[in-house]
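To start, the structure under review is shown below, and the notes come after it.
Just so it is clear, none of the values below were taken in a lab; they were calculated from the coordinates. As the structure is a prediction and not an experimental result, all values here were calculated from the model. Backbone-built Cβ (ideal geometry, glycine too); neighbour counts: all protein chains shown.
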Amino acid sequence: MRPFLIAPSILSADFARLGDDVQAVLDAGADVVHFDVMDNHYVPNLTIGPMVCQALRDFGITADIDVHLMVKPVDRIIPDFAKAGASIITFHPEASEHVDRSLQLIKESGCKAGLVFNPGTPLHYLDHVMDKLDVILLMSVNPGFGGQSFIPSTLDKLKQVRAKIDASGFDIRLEVDGGVKVDNIAEIAAAGADMFVAGSAIFNQPDYKTVVDEMRSELAK
Ligand code: DX5
Ligand code: ZN
C-alpha cells in the first residue's frame, strides 16, 4: 500500500482566516487539503465554491486540494473547480445523471477523479468504472456536517472496497471521511483505508502538529 495521506477537512477551519489556517495545518505535517462543497440541496448545508479554492491558490497554498462535491447536479461545477486549482474532484454517483461522463469530465479537465459512497449507498456504482478512478471515498458519517461520530459498519465496507481495489490491479486511493480521530485511525487503516479526512479532530485542537503526529504514530503501529 502507498504512504498514508492525512487530509484535514477545512470545514472545521476558521473561515475568517482561512489561508493562514490551511497553511498552519500543512506546516503541521498534513498532506492534502480536503475541501467540502455543500449546496443546501444534495446535503442540508451550504459551504464554499470555486472562488474560495482559487483564493487558497492565490494565497500560496501549493498542496493538493481534494474537492469533495456534495452537490446536485454535479457536472457544471467541475470545470470551474479545475480552473480554480483543484487537484482531485470526487462526487456522489447517485447525484450524477451520468457517472461515466462526470468522471470523464474530471479527467479531461486535468484532475484526479473519484466516487464517494454514503454509508447507505451500495457499491455497485463501482462496477464499470474502476479503470477511471483515482480515488474511492467512503463516507463514515452521513454527509453535511463535521463533528459526527464514525459509523462502525464502514469498517466492513472498507474491507470490501480494499478487496475490490486489490483485485482490480488499478492504482486507486481508498479515502475515508467522517469521525476519523486519533483513537480510531489505526483500526480504519487496518480495514484498508490509505487516505484519512479529519476535520474536527484536528481543527478543534489548539496544536495541529500534536494531532497530526499522533495520527501518524497510530498509523505506524
Ligand atoms: C462531512 C464532510 C467531512 C467533514 C468531516 O459531510 O464531508 O469532510 O468535514 O468532519 P469530521 O472529521 O469532523 O467528522
Ligand atoms: Zn468531505
(request) Calculate I(q)/I(0) for the chain by the Debye formula, one identical point scatterer on each C-alpha and no solvent, and give its log10 at q = 0.08, 0.13, 0.15 Å⁻¹ to two decimals. (result) -0.24, -0.68, -0.93
(request) Return the FRET efficiency for the residue pair S153, A220: r is the Cβ-Cβ distance, R0 is 22 Å, and the value is rounded to the nearest 0.05. (result) 0.25
(request) Return the FRET efficiency for the residue pair Q205, Q160: r is the Cβ-Cβ distance, R0 is 41 Å, and the value is rounded to the nearest 0.05. (result) 0.80
(request) Subtract the Cα-Cα distance of E187 and H41 from 0.36 nm times their separation in residues, and report this length gain in nm to one decimal. (result) 49.3 nm
(message) Averaging the inverse of every distinct alpha carbon separation and then flipping it gives the Kirkwood radius. What is it for the stretch 1-127, in angstrom units?
(response) 15.0 Å
(request) Considering the convex hull of the alpha carbon atoms of the stretch 182-221, report its projected area averaged over all viewing directions, in nm², one decimal. (result) 2.6 nm²
(request) Considering Cα pairs under 8 angstrom that are at least six residues apart, work out the relative contact order of the stretch 5-219 and quote it in whole percent. (result) 20 percent
